[in-house]
1. For the structure I just gave you, tell me whether GLY233 is surrounded by 14 or more Cβ atoms within 10 Å (Cβ to Cβ) and part of a loop (DSSP other than H, G, I, E, B).
2. So, of the residues in region 28-65 that are loosely packed, with under 13 Cβ neighbours inside 10 Å and of a type in the set (Gly, Ala, Ser), which turns out to be nearest to ALA385 (Cα to Cα)?
3. Considering only residues that are over 19 Å from ARG360 (Cβ atoms) and in contact with a Gly (Cβ under 7 Å, 6 or more places away or on another chain), look in region 131-153 and name the one that is surrounded by the fewest Cβ atoms within 10 Å (Cβ to Cβ).
4. Just to be sure, is ASN339 closer than 23 Å to ASP122 by Cα and either in the same structural domain as GLY81 (by TED's automatic domain parsing) or among the hydrophobic types (A, V, I, L, M, F, W, C) (or both)?
5. Closer than 24 Å to PHE341 by Cα, part of a loop (DSSP other than H, G, I, E, B) and without any contact (Cβ under 8 Å) to a residue 24 or more places away in the chain, is that true of GLY140?
6. Which members of region 264-309 meet the condition of being hydrophobic (A, V, I, L, M, F, W, C) and either assigned to a loop (DSSP other than H, G, I, E, B) or crowded, with 17+ Cβ neighbours inside 10 Å (or both)?
7. Residues THR275, THR164, THR270: which one is on the phi > 0 side of the Ramachandran plot and under 48 Å from the mean Cα position of the chain (by Cα)?
8. Would you mind telling me which numbered condition in (1) modelled with pLDDT of 90 or more; (2) not in a strand (DSSP E or B) ILE95 fails?
Amino acid sequence: MPSFSIPLSGLTASSSALSTIANNLANLNTIGYKDQQVRFSDLFYQSVGTNGAGDPVQQGAGTTIGSMPSLFTQGNVNPTGVSTDVAINKGGFFIVEKDGARSYTRAGNFEVGQDNLLETADGQKVLGYPATNGVLDTQGLSPLALGAGTISPASATTEIQLSTNLDATAAVGTSYSTPITIYDSLGASHNLMLTFTKTGTNGWDYSITIPAADVNGTTDPTVLKTGSLTFDGNGNLSAPTANISPINITGFVDGANDLAFSWNLFDANTNGLLTQMAAPSSTASTQQDGGGSGALVNFTIGSDGTITGSFSNGKTAILGQIVLATFADSQGLTRTGGNGFTPTLASGQPVVGAPGNGGRGTLSGGALEQSNVDIAQEFAALIVAQRSYEANARCVTTFDQVAQDTINLKQ
């Protein structure tokens, strides 16, 4: 009698293949989805003897699902223009965590949650290297803060410089004043006044003052620094020959720390920034290195995962770095749904690091990796699986007819 278990095993295996193909097609538009294939394997064999040459004669017992590998080929990377979207080019997985459970994903459709942390659509926090004052800490992983609560701290002014010309034809006693804004340790701005007074041929005195309202215990502008300037016959500054430092401010009314800064009279090439030419006194530009605090306006994600934020105070700073994990055997990962994977003994432990090295791919900010399902290949596989199912079903009906004919022998 024929064994019904053989075509039934074929029906079961073909049914699994059809379900897998259907799942692939259902995830045709799933971000970062990886196509899954079905590989059949024959079952054990029963030995029924040998032939005249001594070769074994064996009877097969059917088929089963031997493996269902994932196809980790690259999906198309499509730009979205959304700053929180990020795609992986080539190898690696994003690391995400929720309630202490860590998993791995290729889907980079992230968003900023209510807690100002970068997270997946289902609330898993994206892990990476955090940054403090623009410096990455690569000693451990933590959620990445990218929301409106991210600020650029204030920075106190440490140096100022002016590109100023003083009128060589001005009469002795003529004064020229120009303002410059500086910042204290709390980010508050203060307008200093630099006043130049001609004392003689090629000679000028200078005075730097701060308004009375900015410092304690004063009624008149407080003089911070005074001195003399000397120019040569070509209008170049000849004395002093070094930058003026320190210039001290104490007793800010807002409670900021005392401030000490320098006045750069020369640029990096030792060219004087102050001149005395026969032209009206004027200041072409003023510069200083301080600034107030600023809120995060936007950010970009670089190919190495570095997240650079732009702030309302005009500054930029590194906010963190998205990292990637790789595995010795990606086929050993377990799918958990929601675009997630978890490691097993077969996959090995994750190797974590910055994108672009150690076999890890690079990132594309403002883009998403699409599913790598090939609809044409899936439909071809669907036809083959359908025919296999039909053939095994026909075997069942044939075996049934044989069994019925055997029963009818008694009649």
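1. Working: surrounded by 14 or more Cβ atoms within 10 Å (Cβ to Cβ): no; part of a loop (DSSP other than H, G, I, E, B): yes.
Criteria not met by GLY233.
2. Within region 28-65, the match that is nearest to ALA385 (Cα to Cα) is SER41.
3. Among those residues, the one meeting the criterion is ILE151.
4. Criteria met by ASN339.
5. For GLY140, the condition - closer than 24 Å to PHE341 by Cα, part of a loop (DSSP other than H, G, I, E, B) and without any contact (Cβ under 8 Å) to a residue 24 or more places away in the chain - is met.
6. LEU265, ALA268, LEU273, LEU274, ALA278, ALA279, LEU296, PHE299, ILE301, ILE307
7. None of the others qualify; the one that does is THR270.
8. The failed condition is (2).
The values are calculated or read from the model by the stated rules, or taken from the named source; none is laboratory data. Quantities reported herein were computed from a predicted structural model and do not represent experimental measurements. Using ideal geometry, Cβ is built from the backbone for each residue, glycine included, and neighbour counts are taken over all protein chains shown.
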